[in-house]
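Following: one structure in structure tokens, then a few remarks.
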Amino acid sequence: ELKVEYTRILTANNPHAPQNIVRYSFKERQYKQIPSVDQLAIHFMIDGNLLHKESEEAKKQFARMGITEIQEEEKREPSERGDEADEGAQEADTKEEGEEGETKGTTRKGRKKEKKLTNQFNFSERAAQTYNNPFRDRGTVTEPPPRATFAANVTQWEIYDAYQEDFEKQEKSKEKKVTSSRKDEGKARKKFVATEPGSDDISRMEASVKIVERMVNQNTYDDIAQDFKYWEDISDDFRDQEGTLLPLWKFTFEKAKKLAVTSLCWNPKYTDLFAVSCGSYDFMKQGSGLIILWTLKNPSYPECYFETDSGVMCLDIHHQHPHWICAGYYDGSVALFSVLDKRDEPVHRSTPKNGKHTDPVWQVRWQKDDADNNKNFYSISSDGRICLWTILKNELIFQDVIRLSLPDMTAEGPDGIKVPTTGCGTTFDFHQHKDYLFLVGTEEGKVHICSKAYTSHFIDTIDAHTMAVYKVCWNKFHPKIFITCSADWTVKIWEMTDKMDKHVAGSNRKPLFSFDLNNSVGDVAWAPYSSTVFAAVTSDGKAFVYDLNVNKYEPLCEQMVAQKKKTKLTHVEFNPSSPTVIVGDDRGSVVDLKLSPNLRKMKAEKKGAPPVDEATKIQREIEKLDRILLMVREQPTEITTN
């Protein structure tokens, strides 16, 4: 876009000259627009002084400059000098030869003293007179505005009631709690309730002020905006298997400084808008939470935010209705927020009466509407329950989909009875093509393959990790590949066959790839543009980007993102359209990073070839990943990187 040539035509018109000047026409008795506007623009003007050469001041200047009267006479016209020569010759012939020198000397002396008279009649006088428009007086008489006389008596108790009402308003604004007023006082104070006239004006100006604020921020962060649009790391041309992450904007909010980023989610409709949930992973430091909506157009202040009484541990945005946000709290409840409704409270929230979880909710996920077109979402918690929440008109109805149990581990009751233990769910993900199929990760390090049709048992179980599984995610292109990350420092890629290889036990199944990142892995995410690219973040503040098509053993990028020591990165998410990734930490801040060209290499299309549709692109990505998996399947050992 920087190389596009734009043609500019230069004209003699002044671009700053007004085009709508009107003058009053006395002939037509009305204001008329002037057809021609003066286009003259004066760039330089200086005042000068002219002196007559025979004036006293001119003679002084000649004397200072060393110019004599003889030199001035020599500068006259040739005709005048010719006439003077003829007169001198005639005088010389009439006189005697002896007296010739004396006569010439006298003549020269006379010339010095004589002054030639100028022709006083050689002048012309020019004058011009313009037409002056006659002056006319014009007056207008307007009707005076209507007036009304108002009088009232004010008593002491009415003044007291008005001040009391104003004091209560100030208290409500400070505490942000709505208190019910007394009925008797409400009736008496109806006369004195002053409406705020500025509220309507502010609401009308809200859209305009938001646009102006974004324009100011765009000018403030102009360098970052230019890098976001045009920056490409030139050093990638000299290295094939390495890339970098360029930090762009950093999103910080004063109220979220002491909270950790617990989840990130991009808006599916507006690709510059993303939601952030803030809470605390520390059991001993629990308090309030936040849901913040940020936009890349305004990194200085959030577009919208909701304050909650408990820490928000997860959230998700509806794909078809992007103003709906479901969230899970640390106290076990789930809530539904609407960005369109201008209120701080959630639209719906679960309670102990309608199936609230007993442990923190670690993930929520929207699903397609049911047969009655009711919106629904799923939640997973440490209490071992995976619940389906259906949103009706005025209530939130729950249904237990499956309960996580540990059949290999049992606990003894008070009477020696063996009680089955319950697994603690941490994460889950639904299959993109098969809605009934989903994966579940637990704190015990297991990954369960579950189905909505079976509520009592799992399809299969994999002993994936030795510690808690923090994220499980299906590949965005390949229907049989999924990835997991855990607190045991590893990221593993798995393959699910048609029958899940039932002849091989789940505990003995090995991953296709295993990467050791030397620290606890907080989150992992597949790239939306390639089936072989994924990113991960660790607790030591580093971000990793892998591309299996380029290097199956080492990351293409390993970069320190956290600016302060002991800052843990908690979550990562790719932008669905632009080559950027957002990373959240345990201090409530989010950083937007741009991928260098080596981290987002795509297959170049041939010139003149027809555009490729979406189905063909997906098929190409599946084939690309299958070629890599074919090489891995032939190897008898596991691929592990340090």
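The values are calculated or read from the model by the stated rules, or taken from the named source; none is laboratory data. The structure presented is a predicted model; accordingly, all values stated were derived computationally and were not measured. Virtual Cβ from ideal backbone geometry, glycine too; neighbours counted across all protein chains shown. Note: areas computed on protein heavy atoms with side chains; ligands, DNA, RNA excluded. Shrake-Rupley method; radii C 1.70, N 1.55, O 1.52, S 1.80 Å.
Solvent-accessible area of F62, probe 1.4 Å, all protein chains present, reported in Å² to the nearest ten, please.
Approximately 50 Å² for this residue.
As a test question: what accessible area, to the nearest 10 Å², does V440 have when a 1.4 Å probe is rolled over all protein chains in place?
0 Å²
Label D369 and A148 with points 7 Å out from Cα along Cα→Cβ: what is the distance between them in nm?
About 5.1 nm, to one decimal.
In sequence order, what are the phi-derived ³J(HN,Hα) couplings for the range 127-133 according to the Karplus relation 6.51 cos²θ - 1.76 cosθ + 1.60 with θ = phi - 60°, rounded to whole Hz, with x for glycine and proline?
Running phi through 6.51 cos²θ - 1.76 cosθ + 1.60 with θ = phi - 60° gives 8, 9, 9, 9, 8, 9, 6 Hz.
Could you rank the peptides 334-340, 166-172 by their average count of other C-beta atoms within 10 Å per residue, with the highest value first?
Per-residue Cβ counts within 10 Å, averaged per peptide and sorted highest first, yield 334-340, 166-172.
Would you give the gap between the C-alpha center of the range 467-493 and the C-alpha center of the range 218-267, rounded to a whole Å?
Between the Cα centre of the range 467-493 and that of the range 218-267, the gap is 25 Å.
Given 0.36 nm per residue, what is the gain on full extension from A17 to K229 after removing their alpha carbon distance, in nm?
Here the segment from A17 to K229 would lengthen by 72.7 nm.
Give the peptides 390-401, 29-40, 313-324 in descending order of average Cβ contacts within 10 Å, highest first.
The densest-packed peptide leads the list: 313-324, 390-401, 29-40.
Take the cross-link list K172/K258; K552/K624; K434/K476; K594/K617; K476/K617 and give me the ones stretching past 18 Å between alpha-carbons.
From K172/K258; K552/K624; K434/K476; K594/K617; K476/K617, over 18 Å: K172/K258; K594/K617.
So what's the net charge close to A468: Lys and Arg +1, Asp and Glu -1, counting the other residues with Cβ under 11 Å from its Cβ?
-1
Please compute the modelled spin-label separation between E56 and T7, points set 7 Å along Cα→Cβ, answer in nm with one decimal.
Once both label points are built, they end up 6.8 nm from each other.
Rounded to the nearest 0.05, what FRET efficiency is calculated for S578 and K258 with R0 set to 30 Å and r the Cβ-Cβ distance?
Efficiency at R0 = 30 Å is approximately 0.45.
Hey, with R₀ at 51 Å, roughly what FRET efficiency would F26 and Y270 work out to, going by the Cβ-Cβ distance, to 0.05?
The formula returns an efficiency of 0.30 here.
Could you tell me which of rounded, prolate or oblate describes the range 553-598, using a ≥ b ≥ c as the square roots of the eigenvalues of the alpha-carbon gyration tensor, with rounded for a/c under 1.5 and, failing that, prolate when a/b is larger than b/c and oblate otherwise?
Judged from the Cα gyration tensor, the range 553-598 comes out oblate (a/c at least 1.5, b/c at or above a/b).
Order Y270, Y329, most accessible first, counting only protein heavy atoms with a 1.4 angstrom probe.
Y270, Y329
Write down the accessible area per residue of the range 504-598 in Å², having rolled a 1.4 Å probe over the full set of protein chains.
33 Å²
How many angstrom lie between the C-alpha centres of the range 559-599 and the range 127-151?
After rounding, the separation between the Cα centres reads 69 Å.
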